[in-house]
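Asker: First the structure, which I've put down as structure tokens, then a few questions once you've had a look.
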Amino acid sequence: SQELEQSPQSLIVQEGKNLTINCTSSKTLYGLYWYKQKYGEGLIFLMMLQKGGEEKSHEKITAKLDEKKQQSSLHITASQPSHAGIYLCGAEMKTSYDKVIFGPGTSLSVIP
Amino acid sequence: GAGVSQSPSNKVTEKGKDVELRCDPISGHTALYWYRQSLGQGLEFLIYFQGNSAPDKSGLPSDRFSAERTGGSVSTLTIQRTQQEDSAVYLCASRDSYEQYFGPGTRLTVT
């Protein structure tokens, strides 16, 4: 099984709807990263979370790291077609700083 | 400033041939990572280099894969005796503090 799991695997939402993507680790996290990948393009850094309970926002995207530091959620408010893409969570575990591994990704489609 | 660059952008090779993929990281970045992304999949960790420390090779899928980083800068990923299952996009990233900066990738197709 993977060290990092993401759910759902894919998501189709109507424009304007809210949505949440989850990332769960099998080990305690040192740092958690969210990236977005447009189809056929490179990865865009969204934000990094490190402290338990930390919450960060970037435009209409908010991410939170739970207190136990083993799960993060990414929430998009009032989704737009520009939000479509693959969302990837990356993580460093407390047992292996600097080694950044990624989850399988969540594919998001937003229907106008 | 210049970002991470990778070459070639596309590589088509015959099964059994060796290939070399190159990554030029952002100048001054101490950490360099290689990942593999198959169609519709997430990023599979292959190897990372941090400064002068021994590289973490724990993600290399077989002994046909190797990588080196010369002078703490440019890195080359070598795949020997390529197989069809090696077909994927190979991504390189460099890092200074916490954010990784990714290159555009090399799309490898093994026929």
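The values are calculated or read from the model by the stated rules, or taken from the named source; none is laboratory data. In this text the structure is predicted, and so the values were computed from the model without any measurement. Note that we place each Cβ from the backbone using ideal geometry, even for glycine, and neighbour counts take in every protein chain shown. Please note that ligands, DNA and RNA were not included when accessible areas were found on the heavy atoms of the full protein model with its side chains. Shrake-Rupley method; radii C 1.70, N 1.55, O 1.52, S 1.80 Å.
Asker: Yes or no: A:Leu108 modelled with pLDDT of 95 or more and either of a type in the set (Asp, Glu) or in contact with a Leu (Cβ under 7 Å, 6 or more places away or on another chain) (or both)?
Answerer: Judged against the criteria, A:Leu108 is a match.
Asker: Quick check: anything in the range A:63-79 of a type in the set (Asp, Glu), part of a loop (DSSP other than H, G, I, E, B) and open to solvent by 20 Å² or more (accessible area, probe 1.4 Å)?
Answerer: Yes, some residue in the range A:63-79 is of a type in the set (Asp, Glu), part of a loop (DSSP other than H, G, I, E, B) and open to solvent by 20 Å² or more (accessible area, probe 1.4 Å).
Asker: Take A:Glu41 and tell me if it is within 19 Å of B:Arg36 (Cβ to Cβ), surrounded by fewer than 16 Cβ atoms within 10 Å (Cβ to Cβ) and not aliphatic (A, V, I, L, M).
Answerer: Here the answer is yes, as A:Glu41 does meet what is asked.
Asker: Further question: Going through the range A:1-21 one residue at a time, which ones are outside any loop (DSSP other than H, G, I, E, B), open to solvent by less than 50 Å² (accessible area, probe 1.4 Å) and more than 9 Å from chain B (Cβ to nearest Cβ)?
Answerer: A:Leu11, A:Val13, A:Leu19, A:Ile21, listed by residue number.
Asker: Among (1) within 14 Å of the chain's Cα centre (by Cα); (2) polar (S, T, N, Q); (3) assigned to a loop (DSSP other than H, G, I, E, B), which single condition is B:Ser94 missing?
Answerer: Here B:Ser94 clears every test but (3).
Asker: Give the number of residues within the range A:39-54 that are of a type in the set (A, V, I, L, M) and either over 14 Å from A:Gly105 (Cβ atoms) or in a loop (DSSP other than H, G, I, E, B) (or both).
Answerer: Qualifying residue count, the range A:39-54: 3.
Asker: Can you find even one residue in the range A:98-109 that is in contact (Cβ under 8 Å) with a residue 12 or more places away in the chain and more than 28 Å from B:Ser94 (Cβ to Cβ)?
Answerer: Taking every residue of the range A:98-109 in turn, at least one turns out to be in contact (Cβ under 8 Å) with a residue 12 or more places away in the chain and more than 28 Å from B:Ser94 (Cβ to Cβ).
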